[in-house]
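Contents: one structure, followed by commentary.
The values are calculated or read from the model by the stated rules, or taken from the named source; none is laboratory data. The shown structure was predicted, so the numbers you read here are calculated from the model rather than taken from an experiment. Because the Cβ atoms are built from the backbone with ideal geometry, glycine has one as well, and the counts that use them run over all protein chains shown.
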Amino acid sequence: MKITAKEPLSYIDGGPIQTICPYCGHKGTFEAISRDRFIQNQYICGQRLCPDQDCRGHLFVVLDRSGNLLFHYPFRNVSLNKENIPASIIKTFDEAVTCHAQNCFVASAIMIRRTLEEICEERGAVGKDIKTRIHDLQTKTLLPQELFDAMDELSLLGNDADHIEANTFAQISSQELDVAIEFTIEFLKALYQYSSLLSKMRELRKKYPKQDELT
Ligand SMILES: [Zn+2]
């Protein structure tokens, strides 16, 4: 994103912003730490601070004149433990996150749907389209219904983006993708990591049995 600035630049108060911290991953209200600058009668440029007391990460931000967040630096860095998740799925999901950070929302939505398609493929879920494959995946796993309901919604998000004639194409928002990315992380964790955590816990119990299990 390039913004050209000609003097004199006026001061403005863009107010706090809601976003997810690229450092700690928490969602919060980021307050300004200095006065914002109003550029080209169009952009508000400033600095914000993560509200998390243990983080206090610093962001450079660009807002539109209504105070909507257009850009921030550093980009969002999703803190996802990649253990047990297939590398090809991580790669596709990383692309979705990178596209989102660069405000390429349609591309991000398409990559999120592709992540879901790769999950179905890796788990051997079959069907004529993504929706049927998701239903088939549900029969092969023991994950909560809510996760699959949300997965259904996500597959529609990408589907709209694929059809250029659809009006919903232009309506994919940063906030919608925030939720989509958060949900995809939960789904990846549930599918690839819960069982390994359970195995670890069982191993520990064998190693350090409870007192009543010794008698
Ligand atoms: Zn933070």
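What to note about this one:
- Qualifying residue in segment 68-91 (condition: crowded, with 17+ Cβ neighbours inside 10 Å, in a helix (DSSP H, G or I) and touching a residue at least 12 places away in the same chain (Cβ under 8 Å)): yes
- Members of segment 6-30 that are within 16 Å of the ligand (Cβ to nearest atom) and of a type in the set (Lys, Arg): LYS27
- Residue identified as in the same structural domain as LEU177 (by TED's automatic domain parsing) and farther than 24 Å from SER174 by Cβ among ARG114, ARG133: ARG133
- Exactly one residue out of ILE33, ILE44 is without any contact (Cβ under 8 Å) to a residue 40 or more places away in the chain, more than 22 Å from the chain's Cα centre (by Cα) and within 16 Å of the ligand (Cβ to nearest atom): that is ILE33.
- Extreme residue, farthest from GLU186 (Cα to Cα), among residues of segment 93-130 that are among the hydroxyl-bearing types (Ser, Thr, Tyr) and buried (at least 19 other Cβ atoms within 10 Å of the Cβ): SER108
- Entry remark, segment 113-133: residues being at pLDDT 90 or above, part of a helix (DSSP H, G or I) and of a type in the set (A, V, I, L, M) number 2 in total.
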